[in-house]
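*Asks:* Handing you a structure now.
The values are calculated or read from the model by the stated rules, or taken from the named source; none is laboratory data. Quantities reported herein were computed from a predicted structural model and do not represent experimental measurements. Note that each Cβ is placed from the backbone with ideal geometry, even for glycine, and that neighbours are counted across all protein chains shown. Just so you know, the surface numbers come from the protein's heavy atoms only, side chains and all, with ligands and any DNA or RNA stripped out. Shrake-Rupley method; radii C 1.70, N 1.55, O 1.52, S 1.80 Å.
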Amino acid sequence: MVDHDGQRLRVSGPTVLRGALRVPGDKSISHRALLLAGLAEGTSLVRGISAGEDVARTRAAVEALGADVDQLEDGTLRIGGRGGRLAEPAGVLDVGNSGTGVRLLAGLASAQPFLTVLAGDASVGRRPMDRVAVPLRLMGAAIDGRDGGRLTPLVIRGGGLVGIHYDSPVASAQVKSAILLAGLGAEGETVVREPRRSRAHTEEMLLACGADIEVDVSQSRVRVRPCVLEPHDWYVPGDPSQAAFWLCLAAGTPGSDLVVEDLYLGPSRAGFLDVLARMGADLDVDEGSGRVAVRGSELVGTEVAPEEVPGLVDEVPALAVAAALARGRSRFCGVAELRVKESDRVATITSELAKMGVFVDADADELIVEGGRPLRGAHCESYGDHRIAMAMATAGLAAHGETVVEGMDAVPTSYPGFVEDLVRLTAEGG
Ligand code: S3P
């Protein structure tokens, strides 16, 4: 039984997942396709873009920066780029709930000789912006904001940048990407090094646009020099972070049988599949086509090392659900970054799984889940966080009795069709 009014979801379990599906286009790639197409000299096409609200905000921002964006009949976007010279936006660029949107736009705007103001919702207003503002200021951008320039709204007077060599204190693709985007318009070379390699979309996509870029994988280092990008025809594959909710639940519920087609499984995005495999999941992964099939089985707990976290940073809530279903203890180490996402995910996943009778413990950068006891239905909260809402909805499908998830209105930021997919996959299972 599923009942949903946009704000509140009610599900009854336990149930299994059966069927095949495609998930929305990858959110990270979608943001970047819009930004790079807006910068490029000429016309780009973007097929399969995410229909989520975050990406729609970035599209609006790119239009406000002067790019022409229109939608063809089949949903493909056609984007007329500005050859590196964007236009000063007339108003505030509102990124909504999107941390990726605000940080990547901060990098882009820093290289432009005009004023850009970036703002978002209350959640974005709590997220740290100094991680991008500090290096962008070192390059020469004038950036101010609330709390001494650490919080949105950000007011950016860009232009006249000079390249830097930057050792980022965090493994963050958002930080790396902001610096690289600024570096495209900076004098000299810009080099970013990360403590661990984060997702590589910006590097991969800049290469496809003919950028002057060099990647040293062994050193987690990227160098870029100023250039005008070539346009590109992008195809956006499915988002593994959305698929993770279904795959983690199906993996831990015997009787489930699920196939997800056409996922992006590139560097630092598919780490959750390695963790599921270690837990004993019955997985079949075809890296070429991005097809992942899973049959439910009895999982066992595992330990996730800090080195693995950048490769599964958004999948911890989904993996925590798998851990709750698995026999024994799972430990997620080095997860402090989760505390500065759309919610403090260490705290929110802990409180919500505990309501289902799961023993969960957390400290500053560790999450421990004792799994294997039957989950019981509960009244859960999303805390305005799409991934917490989806994690709890899937946990509810595995739990005995009724689960209510409040705050489902957060979900369309990344996955507008989530509830429709839930209904279909459980109906096929029923
Ligand atoms: C993203 C990077 C990640 C991730 C976010 C999307 C990106 O953030 O959590 O959802 O598209 O660059 P960090 O790189 O800051 O960890």
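*Asks:* Out of all DSSP beta bridges with both ends in segment 27-235, state the antiparallel percent to the nearest 5.
*Replies:* If I count the DSSP bridges inside segment 27-235, around 75 percent turn out antiparallel.
*Asks:* When only Cα pairs under 8 Å and 6 or more residues apart are kept, what is the percent relative contact order across segment 27-235?
*Replies:* With pairs under 8 Å counted, the relative contact order is 21 percent.
*Asks:* Right, here's the next one. Looking at the square roots a ≥ b ≥ c of the eigenvalues of the Cα gyration tensor of segment 27-235, which shape do they give, rounded for a/c under 1.5, prolate if a/b is larger than b/c, or oblate?
*Replies:* Here segment 27-235 falls in the rounded category.
*Asks:* Still on this structure, I have one more. Would you mind calculating the relative contact order of the chain from Cα pairs under 8 angstrom and at least 6 residues apart, reporting the percent as a whole number?
*Replies:* Values: 1114 pairs, mean separation 80.1, N = 430.
Answer for the chain is 19 percent.
*Asks:* How many percent of DSSP beta bridges within the chain run antiparallel, rounded to 5?
*Replies:* 75
*Asks:* Further question on the same structure: Pull out a ≥ b ≥ c, the square roots of the eigenvalues of the alpha-carbon gyration tensor of segment 265-333, then state rounded if a/c is under 1.5, prolate if not and a/b is larger than b/c, and oblate in the remaining case.
*Replies:* oblate
*Asks:* Suppose we keep just the alpha-carbon trace of segment 213-295; what are its Rg and Dmax in angstrom?
*Replies:* Rg then Dmax for segment 213-295, in Å: 16.5, 54.
*Asks:* If a/c stays under 1.5 just call it rounded; otherwise compare a/b with b/c (prolate if a/b is bigger, oblate if not). Do that for segment 354-430, with a ≥ b ≥ c from the square roots of the Cα gyration tensor eigenvalues.
*Replies:* oblate
*Asks:* Once ligands and nucleic acids are excluded and a 1.4 Å probe is used, how much of Ile29 is accessible, expressed in Å² to the nearest 10?
*Replies:* Here the residue's solvent-accessible area equals roughly 10 Å².
*Asks:* Another question about this same structure. For the chain, what number results from the quotient of the Cα radius of gyration and 2.2 N^0.38 Å?
*Replies:* Ratio of Cα Rg to 2.2 N^0.38 Å: 0.95.
*Asks:* Placing +1 at every Lys and Arg Cβ and -1 at every Asp and Glu Cβ, with all other atoms neutral, what dipole size does the chain have around its Cα centre, in debye to the nearest 20?
*Replies:* Once rounded to the nearest 20, the dipole reads 660 debye.
*Asks:* In debye to the nearest 20, how big a dipole does segment 27-235 give about its Cα centre with +1 on each Lys and Arg Cβ and -1 on each Asp and Glu Cβ? Display every interim value, and only then the final one.
*Replies:* Working: 24 positive and 25 negative charges, 143 e Å.
Taking the Cα centre of segment 27-235 as origin, the dipole is about 680 debye.
*Asks:* Provide, in order from the shortest bin, the percent of all Cα-Cα pairs of segment 279-430 in each 5 Å bin, continuing until the bin that contains the maximum pair distance.
*Replies:* Cα pair-distance distribution for segment 279-430, in percent: 2, 9, 18, 22, 22, 18, 8, 2, 0.
*Asks:* Ok, one more. Positive end of the charge dipole of segment 42-152 (Lys, Arg +1 and Asp, Glu -1 on Cβ, about the Cα centre): tell me which of Pro89, Ala133, Ala67 has its Cα farthest that way.
*Replies:* So the residue furthest toward the plus end is Ala133.
*Asks:* Leaving ligands and nucleic acids out of the surface, order Glu187, Glu73, Glu230 by accessible area at 1.4 Å, largest first.
*Replies:* Glu73, Glu187, Glu230
*Asks:* For the chain, with a Gaussian network of springs between Cα atoms less than 10 Å apart, report the residue from Ala364, Ala178, Ala186 with the top mean-square fluctuation.
*Replies:* Result: Ala364 has the largest fluctuation of those listed.
*Asks:* Now, a different point. Evaluate the relative contact order of segment 296-430 (contact order divided by residue number), counting alpha-carbon pairs under 8 angstrom at least 6 apart; express in whole percent.
*Replies:* 20
*Asks:* Moving to a separate point now. Where Lys and Arg each count +1 and Asp and Glu each count -1, what net charge lies around His201 among other residues with Cβ under 9 Å from its Cβ? Write out the running numbers ahead of the final one.
*Replies:* Values: positive: Arg32, Arg199, Arg269; negative: Asp26, Glu203, Glu204.
For residues surrounding His201, the net value is 0.
*Asks:* Compute the helix-to-body angle for 240-251: its Cα long axis versus the longest principal axis of the chain, expressed 0 to 90° and rounded to tens.
*Replies:* Here the helix axis deviates by roughly 10 degrees.
*Asks:* Here is a follow-up. Summing Lys, Arg as +1 and Asp, Glu as -1, what charge do residues with Cβ under 10 Å from the Cβ of Val23 carry, Val23 excluded? It would help to have the intermediate numbers written out before the result.
*Replies:* Values: positive: Arg22; negative: Asp26, Asp239, Glu261, Asp262, Asp421.
Surrounding charge for Val23 is -4.
*Asks:* From the helices alone, meaning DSSP H stretches of at least four residues, give me the mean residue ellipticity at 222 nm for the chain, per-run term -39500 (n - 2.57), in deg cm²/dmol to the nearest 500.
*Replies:* -9500 deg cm²/dmol
*Asks:* Cut-off 10 angstrom, C-alpha nodes, Gaussian network model of the chain. Which of Asp274, Asp147, Asp286 fluctuates the most?
*Replies:* Maximum fluctuation in the GNM of the chain, among the listed residues, is at Asp147.
*Asks:* Per Stokes-Einstein, at 4 °C and 1.567 mPa s, what whole-number D in µm² s⁻¹ belongs to segment 112-254, with the Kirkwood radius over Cα pairs as the hydrodynamic radius? Spell out each step's value before the answer.
*Replies:* Details: Rh = 16.7 Å.
It comes out at roughly 77 µm²/s.
*Asks:* On to the next question. Using all alpha carbons of segment 104-184, what is the percent of pairwise distances in each 5 Å bin, ordered from the shortest bin to the longest?
*Replies:* Once binned at 5 Å, the Cα pair distances of segment 104-184 give 3, 18, 30, 26, 17, 5, 1.
*Asks:* With Cβ to Cβ distances under 14 Å as the rule, what net charge do the other residues near Ala178 carry (K, R +1; D, E -1)?
*Replies:* Numbers: positive: Arg32, Arg103, Arg127, Arg131, Arg137, Lys176, Arg199; negative: Asp130, Glu194, Glu203.
Its environment carries a net charge of +4.
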